[in-house]
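For reference, the structure I am asking about is given below.
Read-outs throughout are calculated quantities, based only on the coordinates presented, and are distinct from any laboratory measurement. In this text, all values refer to a predicted model and were calculated from it rather than measured experimentally. We place every Cβ from the backbone using ideal geometry, glycine too, and count neighbours over all the protein chains shown.
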Amino acid sequence: MRHIKFLYIIFLLSLISCGSADTGNAAKGTISWLPYASTDKGQVCVDEGISSPTIDIACRELRGHWDGAPVNIHRTTDGDAIGKNGFAISQSDSQVDIYAPDDLGILYGVYALLRNPELGRDGRVEESPFYDLRLLNHWDNLNGTIERGYAGKSLWKWEELPDSVSPRYEEYARANAAIGINGAVLNNVNASPKILSEEYLKKVAVLADIFRPYGIKVYLSVNFASPMVLDSLPTADPLNPEVVKWWTGKADEIYSLIPDFGGFLVKANSEGQPGPMDFGRTHADGANMLAEALKPHDGVVMWRAFVYSPADADRAKQAYLEFQPLDGKFADNVIIQIKNGPVDFQPREPYSPLFSAMAQTDVMAEFQITQEYLGHANHLAYLAPMWTEFFDYVQPFDAIAGVANIGDDDNWTGHPLAQANWYAFGRLAWNPQLTSTQIADEWLSMALVDKARTPEDVYESLLGMFDTSREAVVDYMMPLGLHHLFAFGHHYGPEPWCDVEGARPDWLPKYYHRADSIGLGFDRSPSGSNAVGQYPEPLRSQLASVETCPEEFLLWFHHVPWSHRMKSGNTLWEELCIAYQRGVEKVEEYQQTWEKAEPYISPELYADVETRLATQLKDAKWWRDACLQYFAQYSKMPIPAEIASEMRPLEELMKIHLPITNYKSPTPALLDSLR
Ligand code: BDP
């Protein structure tokens with residue numbers, strides 16, 4: 001009887017927790033940080049004289065979703081110290097006051113309050129954005145595919161625009177405004193010239209109209225050869241007067257349709273894209289010509305520094321070699337957009353030394369939110385720790401961009417927990433001082449579980465899972481500074497042995513790992529490629545020596561003997577085995593964490609992530625087995641028996657060839673059929 005009573009109580013508790021499970025926004029295919037529950041009773045009072053479409057949105061959000069004390073909205077005067085687009089909030093039991101110098105600041109204040117209804121209760125809270133430009137870069141093609149996108153097709157339905165408008169456009173704007181993102185580059189950096197045609201600009205203008213009241217400006221990636229392709233000019237030489245005239249006219253046309261157009265993003269002379277160097281000119285010549293065309297309209301040019309060519313020096317050095325000599329030669333509305341690391345969005349890279357070498361030029365960081373190199377939409381990898389690690393080294397730039405992980409999937413991001421990465425990017429662009437744990441805590445309690453009803457140990461485990469997940473990916477894919485061990489083309493699975501006849505050497509893993517009988521890693525010390533020489537002192541000296549180089553970057557900067565003693569006392573080889581195994585065990589731990597959290601998470605979301613974690617575990621083992629057995633051929637050292645016993649033989653692993661596609665994750669069924 002007692003037993004039955006106990007079960008009954010458990011049953012009642014589970015009903016309560018089901019209720020709480022439904023509160024997790026991530027479960028509903030909605031934007032996890034937006035308010036949806038409708039109160040329709042929020043009371044708002046706006047100071048006289050304040051009115052605009054942006055304020056209308058702010059009021060609508062409050063009326064619809066706020067159920068606290070009445071909110072008063074005030075415009076501050078010039079003397080007030082609140083920064084542009086910032087806000088201050090204070091609240092008591094009887095009222096809430098939001099102050100801001102401009103409409104957008106008010107909207108941001110409203111979203112901050114809705115996210116955290118207690119904001120300003122213990123005293124006035126004041127915030128303003130750290131970076132002026134906080135942009136998403138969409139690598140969306142005009143045919144609807146997304147380069148390195150793993151969440152379905154493009155949100156932008158070009159074939160339906162301008163006549164038909166998806167409700168998701170406004171939801172997208174709302175999602176971004178709620179975390180402070182204020183710009184979107186709509187199309188792929190490998191840009192089709194067609195985006196600048198009149199037909200497409202009219203479509204773009206419709207999106208810009210929808211985004212405008214949310215404070216989001218539209219930008220476009222442009223193809224440097226557009227004048228040749230669209231209007232048959234014989235050249236795209238940036239110093240040719242006809243070319244200059246073409247771009248000036250194009251800019252005027254764009255601004256007549258989109259008066260607040262943000263500007264251009266340009267990938268030039270990189271991976272086959274056209275650029276000024278095709279005409280014997282420099283990056284500065286090209287960027288400045290475009291900047292001149294946009295200048296009268298206050299537009300900017302974001303010129304990417306992602307350049308490398310097979311014949312030249314160490315790939316990690318090339319952006320610096322090409323751009324550093326141009327420091328000071330760019331117009332003041334040009335910003336050089338630099339990927340966080342010197343190679344290409346690997347799970348871990350040191351920061352790109354170009355950030356500390358462009359004192360007279362505006363520079364911005366490019367992060368990748370989409371997980372091109374971190375397991376696509378199949379793996380849980382919370383990326384805030386990667387970005388805060390970058391901020392530990394660099395912060396001196398003016399703007400920030402993230403390559404979006406958004407598509408038209410119901411849940412927007414493929415992996416439902418990957419919405420946390422979109423969220424984290426926005427939060428860090430707003431305030432790079434936030435910690436990754438703080439942001440994970442915000443997201444988990446809004447999106448996944450009801451914190452108040454989730455046992456502390458369960459909640460802490462979920463938080464721990466988020467916080468360690470990127471490091472786990474590093475461990476099971478490429479620990480200790482290893483990088484680019486990917487299969488050719490799709491960047492998903494391990495192929496440290498990969499050799500493709502005729503392929504560029506710098507697209508092949510051997511270029512990066514350099515395994516031989518002596519050791520492992522790329523010698524970038526002064527006796528090697530001397531990439532360390534591009535870093536400022538004292539970091540340069542620290543990186544230059546095997547003894548002082550942080551171990552997480554060791555094989556990035558050094559070719560290290562297999563028997564080298566690590567700080568732990570283990571040899572390099574032993575440490576490598578430990579790291580790969582640790583990564584696998586972490587994923588096993590996440591499966592347990594997830595299981596423990598089941599009663600507090602909606603069933604649909606639970607099942608989805610459970611399946612993805614199972615794939616992630618198989619992938620982690622695939623990586624471990626492939627890399628350790630491949631490297632063991634060089635180290636001639638044993639893999640610990642407990643790991644070796646469960647490994648799939650290398651010959652079998654070498655037969656796995658995923659079909660190459662760069663715009664979707666391999667499905668579990670496909671992976672299972674191939675391995
Ligand atoms: C690499 C991607 C490629 C992009 C390129 C870029 O593999 O698809 O076009 O970067 O950033 O990471 O331009």
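Quick check: net charge around M637, other residues with Cβ under 15 Å of its Cβ, Lys/Arg +1 and Asp/Glu -1?
Taking every other residue near M637 into account, the sum is -1.
Applying the Karplus parametrisation 6.51 cos²θ - 1.76 cosθ + 1.60 with θ = phi - 60° to the phi angles of segment 147-156, what ³J(HN,Hα) value in whole Hz is obtained for each residue in order, glycine and proline being reported as x?
Values per residue, Gly and Pro as x: 5, 6, x, 10, 10, x, 8, 5, 5, 7 Hz.
Count the DSSP beta bridges whose two residues both fall in segment 38-127, then state the antiparallel fraction as a percent rounded to the nearest 5.
Numbers: 7 of 15 bridges.
Restricted to segment 38-127, the bridges split so that about 45 percent are antiparallel.
Need one number: nm distance between label points at E159 and L539, each 7 Å from Cα along Cα→Cβ, rounded to one decimal.
4.7
Give the share of C-alpha pairs in each 5 angstrom bin for segment 530-675, from 0 to the last occupied bin, in whole percents, shortest bins first.
2, 8, 14, 14, 14, 14, 13, 11, 7, 3, 0
For P70, what is the net charge nearby, where nearby means another residue's Cβ is under 12 Å from its Cβ and Lys, Arg count +1, Asp, Glu -1?
-1
Which far-off residues, 5 or more places away or on another chain, put their amide H under 5 Å from the one on A268, with H placed in the peptide plane?
Distant-sequence amide H within range of A268: R304.
Could you size up the charge dipole of the chain around its Cα centre, putting +1 on the beta carbon of Lys and Arg and -1 on that of Asp and Glu, and report it in debye to the nearest 20?
Working: 56 positive and 91 negative charges, 162 e Å.
Here the chain has a charge dipole of around 780 debye.
Also, quick follow-up: Taking only DSSP H segments of four or more residues, each worth -39500 (n - 2.57), what value at 222 nm results for the chain once the sum is divided by all its residues, to the nearest 500 deg cm²/dmol?
Details: 21 runs with 256 residues, N = 675.
Estimated from H runs of four or more residues: -12000 deg cm²/dmol.
Next question. Please compute the Kirkwood hydrodynamic radius over the chain, one decimal place, Å, based on all pairs of different Cα atoms.
26.5
Output the DSSP H helices from the chain with an along-axis C-alpha extent of no less than 15 Å and a mean Kyte-Doolittle hydropathy no less than 0.5.
2-21, 103-115, 198-211
Give a quick list of GluC sites (Glu not before Pro) in segment 515-596 that DSSP marks as loop, anything other than H, G, I, E or B, with at most 13 other Cβ atoms within 10 Å. Before the final figure, lay out the partial values.
Numbers: sites: E547, E551, E552, E574, E575, E585, E588, E589, E595; in loops: E547.
Qualifying residues, ordered by number: E547.
Okay, next question. Quick one: T437, T388, fewest Cβ neighbours within 10 Å first, how do they rank?
T437, T388
Continuing with the same structure: May I ask you to sort Y373, Y200 by Cβ crowding, counting other Cβ atoms within 10 Å and putting the fewest first?
Fewest-to-most Cβ neighbours within 10 Å comes out as Y200, Y373.
Whole Å is fine, so just give me how far the alpha carbon centre of segment 180-249 lies from that of segment 430-468.
40
Which loop-located GluC sites (Glu not before Pro) does segment 596-669 contain, where loop means any DSSP state but H, G, I, E or B and the Cβ has at most 14 other Cβ atoms within 10 Å? Please report the intermediate quantities before stating the final value.
Values: sites: E604, E610, E642, E646, E651, E652; in loops: E646.
Sites meeting the loop and neighbour criteria: E646.
If you don't mind, there's one more thing I want to ask. Please give the peptides 450-457, 365-372 ranked by average Cβ packing (other Cβ atoms within 10 Å per residue), highest first, as a rough proxy for protection. Numbers along the way, then the final one.
Working: 450-457: 13.6, 365-372: 25.1.
Taking the mean over residues of other Cβ atoms within 10 Å, the ranking is 365-372, 450-457.
Over the chain, what is the percentage of antiparallel beta bridges among all DSSP beta bridges, to the nearest 5?
If I count the DSSP bridges inside the chain, around 25 percent turn out antiparallel.
Let me ask another. Pick out, in residue order, every one of the trypsin sites (Lys or Arg not before Pro) in segment 61-159 that is DSSP loop and has at most 14 other C-beta atoms within 10 Å; say none if there are none.
Answer in residue order: K84, R124.
For the peptides 183-193, 208-218, what is the packing order when you average, over each peptide's residues, the other Cβ atoms within 10 Å and list the highest mean first?
Ranking, from highest mean packing down: 183-193, 208-218.
Give me D for segment 38-127 in µm² s⁻¹, whole number, from Stokes-Einstein with Rh from the Kirkwood sum over alpha-carbon pairs, 25 °C and 0.890 mPa s. Each step should come with its number before you reach the end.
Values: Rh = 12.6 Å.
The calculation lands on 194 µm²/s.
For segment 488-572, what is Rg from Cα atoms divided by 2.2 N^0.38 Å, rounded to two decimals?
The reported ratio for this selection is 1.21.
Then there is this: Below 14 angstrom from the Cβ of N431, what's the summed charge of the other residues (Lys, Arg +1; Asp, Glu -1)? Before the final figure, lay out each step's value.
Values: positive: R115, R134, R427; negative: E126, E127, D132, E442.
Combined, the nearby Lys, Arg, Asp and Glu give -1.
Another one. Which far-off residues, 5 or more places away or on another chain, put their amide H under 5 Å from the one on Q43, with H placed in the peptide plane?
Excluding prolines and chain starts, which carry no amide H, the hits are V71.
Now for a separate question. Sorted from largest down, what three extents in whole angstroms do the Cα atoms of segment 103-216 have along their principal axes?
52, 28, 24
How large is the charge dipole for segment 38-127, taken about the Cα centre, if only the Cβ atoms of Lys, Arg (+1) and Asp, Glu (-1) carry charge, to the nearest 20 debye?
So the dipole magnitude of segment 38-127 works out to roughly 200 debye.
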